[in-house]
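Read through the structure below, which is laid out as structure tokens, and then see the notes.
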Amino acid sequence: MKEKRIASGNGGAAVICRGVEKAFGTGNARLQVLRGVNLEARYGELTFLLGPSGSGKTTLLSIIAGLLKHDAGSVEVLGRNLSELHNGEAALFRLKNVGFVFQQFNLIPALTAAENAAVPLLAAGWKRKDATAQAKELLTDLGMAHRADVLPNKLSGGEQQRVAFARALIQSPKLVICDEPTSALDGPTGRHVMELLRKVALSPDRAVLVVTHDFRILEFADRIAEISDGVIVKVSEGKEFQEHVR
């Protein structure tokens, strides 16, 4: 089946959620996690999803990424209605178009930095030699040329973060999702991570969605969506939010 064209650029919406609901369990044990979420993440912007633990951030993130099915409402990512994608199509769509930066990096201990960054290309069928060469080019752009052949246990936390960025960006995804990228970092390191993210990930044809409860990095947000008890309660421009909380 021919894949539909991916819309991009000009500040349009890369992610559109309308009335999204999700519950877990049945009967008396049923837990309603999302209660009609409306959210947009635009191309060329860093959109922050802000809320306390248990507010539904991770569930919504998993639905947008295509890792979890929603119960009601609609989710459109890069011009595709996720409900129309079967399991195989959803996995392929995610592989081609969505990059992930995980909180814990999830690097494979037995692989070098370049090999870790190359994992999405290897999964897509690239030859190892070509995939690692591509990864080394990207790591060079991230200031990691001299560390490309080093195993993760020999890398600092900041270096591991750069490898995670390289892995997320290596297929030039249209959507980059970062799950609590600074929660385990001190203030200066967290700022450096966000500066790096804005520099290497943000472009007119790419949207970046950051899930966080770290108020220290909110200055980097173009738009902030606040979620509480499974509902988006407010969406603010980044500067507007910062002025309000001062």
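The values are calculated or read from the model by the stated rules, or taken from the named source; none is laboratory data. Note that the coordinates shown come from a computational prediction; the quantities given were computed from them, not determined experimentally. Positions of Cβ are backbone-derived with ideal geometry, glycine not excepted, and every protein chain shown enters the neighbour counts.
Scanning segment 41-64 for residues that are of a type outside the set (S, T, N, Q), in a loop (DSSP other than H, G, I, E, B) and surrounded by fewer than 20 Cβ atoms within 10 Å (Cβ to Cβ) yields a total of 3.
Only a single item in (1) over 16 Å from VAL119 (Cβ atoms); (2) surrounded by 15 or more Cβ atoms within 10 Å (Cβ to Cβ) is not met by PRO188, and it is number (2).
The number of residues in segment 109-123 that are under 19 Å from the mean Cα position of the chain (by Cα) and surrounded by fewer than 17 Cβ atoms within 10 Å (Cβ to Cβ) comes to 1. Considering only residues in segment 191-210 that are surrounded by fewer than 22 Cβ atoms within 10 Å (Cβ to Cβ) and either at pLDDT 85 or above or of a type in the set (S, T, N, Q) (or both), the one that is nearest to ASP141 (Cα to Cα) turns out to be SER203.
When you scan segment 138-148, do you find a residue that is within 24 Å of ARG42 (Cα to Cα) and either at pLDDT 90 or above or crowded, with 19+ Cβ neighbours inside 10 Å (or both), even just one? Before the answer, list the steps.
Residues of segment 138-148 that are within 24 Å of ARG42 (Cα to Cα), as a first pass: none.
Looking through segment 138-148, none of the residues is within 24 Å of ARG42 (Cα to Cα) and either at pLDDT 90 or above or crowded, with 19+ Cβ neighbours inside 10 Å (or both).
List every residue pair whose Cβ atoms sit under 6 Å apart, with the two residues 6 or more apart in sequence or on different chains, where the first one lies in segment 161-174 and is over 19 Å from PRO204 (Cα atoms) and the second, anywhere, is β-branched (Val, Ile, Thr) and outside any helix (DSSP H, G or I). As it stands, the answer is ALA164/VAL101, since those pairs meet every condition given. Residue count for segment 211-225 satisfying the condition of being basic (Lys, Arg) and surrounded by fewer than 17 Cβ atoms within 10 Å (Cβ to Cβ): 1. A single member of LYS69, LYS129 is part of a loop (DSSP other than H, G, I, E, B) and either surrounded by 14 or more Cβ atoms within 10 Å (Cβ to Cβ) or out of contact with any Phe, Trp or Tyr (no Cβ under 9 Å at 6 or more places or on another chain) (or both), and it is LYS69.
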